[in-house]
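Visitor: One structure, as structure tokens, below. Some questions next.
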Amino acid sequence: MKLTSIFYLLLILLGGALADKTLISTGLTDAQRQILLDTHNKLRNQVASGNQSSQPQAANMMAMNWSTALEATAQAWASNMSTVMTHSGSDKGYGENLAESGSSDKNDYDPASHVQMWFDEVKLASWQTSYINNYQFGSSYGHYSQVVWAKSNSLGCGHSYFFDGSYYQHYTVCQYQAQGNYLGQAVYVQGTPCSQCGSQQCNTQYTSLCGTTTAVNTGNSPSQGGPSSYSVIQFITMTILLINLLY
């Protein structure tokens, strides 16, 4: 009798655990990496050139390049988004932006839209132009300020795709070095574009940015997923508790 009860209860627990969130795929293609990098540089160039409404030109904004090291840590965290979307922690030596989009139907990943979502915080009333010279953090615009932080010249991102039984959810985690959003520091130096690049030359493609940028070519592809690690751990934990209660 006890064994029969355990069997049926385990089936119920397993079904609930697997329905929590199923990881469909994780990782990026090189084309998606390139879109993430290009979108960041395009938007940074838009601000630096003075072509973003209400934002002054930037004299020292660096062009970004892809970092496989940052991608590795960003991807590890993106694959952990099965329970709640939260930051990986503070004081890790890099900045971090998170984004999520969902639909009741299967949908393709649109990495540029996630970066644009962060950038569009520039339009919020809470973002003040005075913060460019003397940064004051606000959660409503902190994604934007990290995207355009002048000294951030290395970028690595991760992606995961989950199904929770009702919605298909794409998550993006991007990490940045140098880290941005430091209180009291300048987001960027205002002035003639690409006029304070030090030993760096002006970028030939993004002409208002400093330094070179190279094409992404990692050769790595996304991998297919299965039940989220959280669901499996939850199932195992509940199983142990159940056996202890019944015996």
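The values are calculated or read from the model by the stated rules, or taken from the named source; none is laboratory data. Only a predicted model underlies this, so the values are computations on that prediction, with no experimental measurement involved. Cβ placement follows ideal geometry from the backbone for every residue including glycine, while neighbour counts extend to all protein chains displayed. Calculation scope for accessible area: heavy atoms of the full protein, side chains included, ligands and nucleic acids excluded. Shrake-Rupley method; radii C 1.70, N 1.55, O 1.52, S 1.80 Å.
Visitor: Which members of segment 20-62 meet the condition of being of a type in the set (S, T, N, Q), under 22 Å from Lys123 (Cα atoms), assigned to a loop (DSSP other than H, G, I, E, B) and within 23 Å of the chain's Cα centre (by Cα)? Steps first, answer last, please.
Guide: Residues of segment 20-62 of a type in the set (S, T, N, Q): 22, 25-26, 29, 32, 34, 39, 41, 45-46, 49, 51-55, 57, 60.
Now drop any that are not under 22 Å from Lys123 (Cα atoms), which leaves 39, 41, 45-46, 49, 51-55, 57.
Of the ones still in play, those that are also assigned to a loop (DSSP other than H, G, I, E, B) are 49, 51-55, 57.
Correct list: Gln52 only.
Visitor: Any residue in segment 85-96 that is under 12 Å from Val173 (Cβ atoms) and among the acidic types (Asp, Glu) sitting within a Cβ distance under 8 Å of a residue that is open to solvent by less than 70 Å² (accessible area, probe 1.4 Å) and assigned to a loop (DSSP other than H, G, I, E, B)? List the pairs, counting only those 6 or more apart or interchain.
Guide: Sorted first by the residue in segment 85-96, then by its partner, the pairs are Glu96/Ser88.
Visitor: For Asp91, which of the numbered conditions (1) surrounded by fewer than 16 Cβ atoms within 10 Å (Cβ to Cβ); (2) outside any helix (DSSP H, G or I); (3) on the phi < 0 side of the Ramachandran plot fails to hold?
Guide: Going through (1) surrounded by fewer than 16 Cβ atoms within 10 Å (Cβ to Cβ); (2) outside any helix (DSSP H, G or I); (3) on the phi < 0 side of the Ramachandran plot one by one, Asp91 breaks only (3).
Visitor: Same structure, new question: Give the number of residues within segment 46-79 that are buried (at least 23 other Cβ atoms within 10 Å of the Cβ) and more than 13 Å from Cys174 (Cα to Cα).
Guide: 6
Visitor: Here is a further query. Could you identify the single residue in Thr214, Thr207 that is within 23 Å of Val122 (Cβ to Cβ) and touching a residue at least 24 places away in the same chain (Cβ under 8 Å)?
Guide: Thr207
Visitor: Name every residue in segment 97-115 that is in contact (Cβ under 8 Å) with a residue 24 or more places away in the chain, of a type in the set (Gly, Ala, Ser) and either surrounded by 12 or more Cβ atoms within 10 Å (Cβ to Cβ) or within 24 Å of Gln57 (Cα to Cα) (or both), in order of residue number.
Guide: Passing the criteria: Ala99, Ser101, Gly102, Ala112.
The rows are residues; the columns are (1) in a helix (DSSP H, G or I); (2) farther than 24 Å from Ser101 by Cβ; (3) modelled with pLDDT of 95 or more; (4) basic (Lys, Arg).
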site: Tyr144; (1), (2), (3), (4): yes, no, yes, no
site: Gly156; (1), (2), (3), (4): no, no, yes, no
site: Thr172; (1), (2), (3), (4): no, no, yes, no
site: Ala186; (1), (2), (3), (4): no, yes, yes, no
site: Gln196; (1), (2), (3), (4): no, yes, yes, no
site: Gln205; (1), (2), (3), (4): no, yes, yes, no
site: Thr214; (1), (2), (3), (4): no, yes, yes, no
site: Asn220; (1), (2), (3), (4): no, no, no, no
site: Ser231; (1), (2), (3), (4): yes, no, no, no
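Visitor: Could you identify the single residue in Trp127, Trp149, Trp118 that is open to solvent by less than 10 Å² (accessible area, probe 1.4 Å), at pLDDT 95 or above and farther than 19 Å from Ile35 by Cβ?
Guide: Trp149
Visitor: Right, another one. Here are some conditions: (1) surrounded by fewer than 12 Cβ atoms within 10 Å (Cβ to Cβ); (2) at pLDDT 50 or above; (3) farther than 30 Å from Asp38 by Cα. Gln224 meets all but one. Which one does it not meet?
Guide: (3)
Visitor: On to the next question. Would you pick out the residues in segment 77-100 that are modelled with pLDDT of 90 or more, in contact with a helix residue (DSSP H, G or I) (Cβ under 7 Å, 6 or more places away or on another chain) and of a type outside the set (A, V, I, L, M, F, W, C)?
Guide: Listed by number, the residues that qualify are Ser88, Tyr94, Gly95, Asn97.
Visitor: For Glu100, indicate whether it is in contact with a His (Cβ under 9 Å, 6 or more places away or on another chain), under 17 Å from Val148 (Cα atoms) and not in a helix (DSSP H, G or I).
Guide: On the way: in contact with a His (Cβ under 9 Å, 6 or more places away or on another chain): yes; under 17 Å from Val148 (Cα atoms): no; not in a helix (DSSP H, G or I): yes.
No: the conditions fail for Glu100.
Visitor: On the given criteria, is Thr213 closer than 14 Å to Ala63 by Cα, β-branched (Val, Ile, Thr) and exposed (fewer than 14 other Cβ atoms within 10 Å of the Cβ)? Let's see the steps before the verdict.
Guide: On the way: closer than 14 Å to Ala63 by Cα: yes; β-branched (Val, Ile, Thr): yes; exposed (fewer than 14 other Cβ atoms within 10 Å of the Cβ): no.
Here the answer is no, as Thr213 does not meet what is asked.
Visitor: Shifting gears a bit: Scan segment 34-41 and give yes if some residue there is at pLDDT 95 or above, polar (S, T, N, Q) and touching a strand residue (DSSP E or B) at 6+ places or on another chain (Cβ under 7 Å), otherwise no.
Guide: No, every residue in segment 34-41 fails to be at pLDDT 95 or above, polar (S, T, N, Q) and touching a strand residue (DSSP E or B) at 6+ places or on another chain (Cβ under 7 Å).
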